[in-house]
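Visitor: Pasting in a structure now, in structure tokens, and then I'll have a few things to ask.
What follows is calculated from the coordinates using simple rules that are stated; it is not laboratory data. Keep in mind that this is a model prediction, so the values were computed, not measured. We place every Cβ from the backbone using ideal geometry, glycine too, and count neighbours over all the protein chains shown.
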Amino acid sequence: MSFLKKTKNTDELVDTVFSLSETAKKDFEPTTVNATIGTLYDENGQLFAFDSVFAPYDEIPHTVKAAYASAFKGNENYRQAILKWVFQDKKVQFKKEVIATPGGTGAVALAFSNFLEAGQTVLIPEIAWPVYQLMASEHNLKAVYYSLFEENHFNLNGLKKLILEQLPSNDKFLLVINDPCQNPTGYSLSLSEWQELVSFLNSLPKDKHIILLNDVAYMDYTFHSDGRAFLEVWNELDHNILALIAYSCSKSFTSYGMRLGALLMLHQKQEVVDAVLHVMDKQARSLWSNISNSGMENIANILIHPEAYLKEKDLAVQLLKKRADLFMQQADACGLRYYPFKEGFFLTLVCDEKREAYHQALIKHHIYCALVPKGIRIALCSLPLVKIDGLAKRLKEIQGEL
């Protein structure tokens, strides 16, 4: 006899990344490398908490911190600030709506829970944030995985083929993209890749409904690309496609524990985005009720005059780039293979065969990284340059011992 729904999985949740990070923190060997958690640390091993974000937060009156938000969908000034910040100078012709969420995770969760019936298909990158798979399972969705790379670029051909295979049995599907600065590979789609993807989606039968979700958690940490360029390509999306953007203040504003994010909805018709917002507004009320009032007020105020924040963030981006450049230079020199990397928090080693054995061998050598499908993720965001220097050579030597 069980009091739970028959569809519920009663296995204990074990987040291997967080548990491994805790193990690494207790390993005091001088050579220990903790490249597990996807949060941004400075060169002294301290978590980045931008002064431009938290100094003004400390000035917020206690009564504002104690108060409920003004609406379940989020405070109006926050919602408009996020819209303006995400789109910036991009000319997006679609009708737009936005709902505040508890972090980027809350935004993705809304997308997974409101569009597909049980058994319908969500397309997920095979190398991706594992919580996508967990969300699909929680909502009894059929998760189908698409190959992420073809040689050194995005595997558009494989994705197209997979969609065409799924089309006859699906009148609706959710396609998950994580771009730019993809977790865990650090890849970013080029403008031409986005154009080709949109053109293909538009070529599909118009009686098929497509929900296109782009998780832009790391959008504000691009080194090279214009992380917002895809928005103007989206102007070409046809009427049978609903576009969604999951935005995270956790990453952009070093506010991981404050749990602030937003889901943006774009479509040709206002009534479509209004209907989606109304559904999600009610769901928010029933699940978390309110997002942090003071958190929303703080972000909205920062974005009125973001100069101090941008200066601080740009220094962090430059540091990330130095770390990535050093690691890749040394990896290339010793022949350590990694998936195509462009920018962002993470880089992933190519390691399909003997992946788990390699992961265990790294731990024995006091190197802690995240095990991901088809590879080992290195969180460059958490490693000072002194820890990165020589790391690729160590990784290659341990790989050679297997």
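Visitor: Between residue 145 and residue 47, 0.36 nm times their residue separation minus their Cα-Cα distance comes to what?
Guide: 31.9 nm
Visitor: How many nm is it between the label spots at residue 365 and residue 134, if each spot is 7 Å from the Cα in line with the beta carbon?
Guide: It works out to 3.0 nm between the two label points.
Visitor: How large is the charge dipole for the stretch 1-57, taken about the Cα centre, if only the Cβ atoms of Lys, Arg (+1) and Asp, Glu (-1) carry charge, to the nearest 20 debye?
Guide: The calculation lands at about 500 debye.
Visitor: Also, quick follow-up: Can you give the FRET efficiency for residue 164 and residue 54, using 1/(1 + (r/R0)^6), R0 = 45 Å, r = Cβ-Cβ distance, to the nearest 0.05?
Guide: 0.40
Visitor: Something else: Going through the cross-link list 374/396; 26/387; 25/354; 90/374; 5/142, which pairs have a Cα-Cα distance over 28 Å in this structure?
Guide: Long pairs (Cα-Cα over 28 Å): 90/374.
Visitor: Let me ask something else. Work out how much length residue 239 to residue 10 would gain on full extension: take 0.36 nm times their residue separation and subtract the Cα-Cα distance, in nm to one decimal.
Guide: This chain segment gains 78.4 nm when fully extended.
Visitor: Can you list the aspartates and glutamates whose alpha carbon is less than 15 Å from that of residue 65, not counting same-chain residues fewer than 8 positions off?
Guide: Reachable aspartates and glutamates: 297.
Visitor: What 222 nm value per residue comes from the helices of the chain, counting each DSSP H run with n ≥ 4 as -39,500 (n - 2.57) and dividing by all residues, nearest 500 deg cm²/dmol?
Guide: Taken over the chain, the calculation gives -12500 deg cm²/dmol.
Visitor: Still on this model: What are the principal axis extents of the Cα atoms in the stretch 67-302, in Å, biggest first?
Guide: Principal extents (Cα only, largest first): 51, 39, 33 Å.
Visitor: Could I ask something else about it? Could you calculate the contour length gain from residue 287 to residue 271, that is, 0.36 nm times the residue separation minus the distance between their Cα atoms, to one decimal place in nm?
Guide: 3.3 nm
Visitor: Can you divide the C-alpha Rg of the stretch 167-215 by 2.2 N^0.38 Å and report the result to two decimal places? List each step's numbers first, then the result.
Guide: Working: Rg = 12.4 Å, N = 49, 2.2 N^0.38 = 9.7 Å.
Scaled against compact globular proteins, the figure is 1.29.
Visitor: Next question. How big is the antiparallel share of DSSP beta bridges in the chain, given as a percent to the nearest 5?
Guide: 50
Visitor: Still on this model: Give the lysines whose C-alpha is closer than 22 Å to that of residue 282, dropping any in the same chain fewer than 8 places away, or say none.
Guide: Excluding near neighbours in sequence, the set is 73, 95, 96, 269.
Visitor: So I have (i) 96, 44, 41; (ii) 59, 56, 55; (iii) 72, 57, 39, and one of them is Cα extents along the principal axes in Å calculated from this model. Which one is it?
Guide: Step by step, Cα extents along the principal axes in Å for this structure corresponds to label (ii).
Visitor: Give the relative contact order (percent, whole number) for the chain; include only Cα pairs under 8 Å separated by 6+ residues.
Guide: Worked out over the chain, it gives 27 percent.
Visitor: Counting pairs of alpha carbon atoms under 8 Å apart in space and at least six apart in sequence, what relative contact order in percent does the stretch 67-302 give?
Guide: 33
Visitor: I need the helices of the chain that pass two filters: whole DSSP H segments spanning 30 Å or more by Cα along the axis, and mean Kyte-Doolittle score no lower than 0.5. Before the final figure, lay out each step's value.
Guide: Working: long enough: 307-334 (41 Å, -0.36).
Correct list, ordered by number: empty.
Visitor: Pairs of alpha-carbon atoms within less than 8 angstrom and 6+ residues apart define the contacts here; what relative contact order does the stretch 171-245 have, in percent?
Guide: 43
Visitor: Tally Lys and Arg at +1 and Asp and Glu at -1 over the other residues with C-beta under 10 Å from the C-beta of residue 296: what net charge comes out?
Guide: Values: positive: 79; negative: 76, 297.
Charge balance in the 10 Å sphere: -1.
Visitor: Near residue 32, within a Cβ-to-Cβ distance under 11 Å, what is the net charge of the other residues, with Lys and Arg +1 and Asp and Glu -1?
Guide: Values: positive: 25, 26, 387; negative: 27, 29.
That works out to +1.
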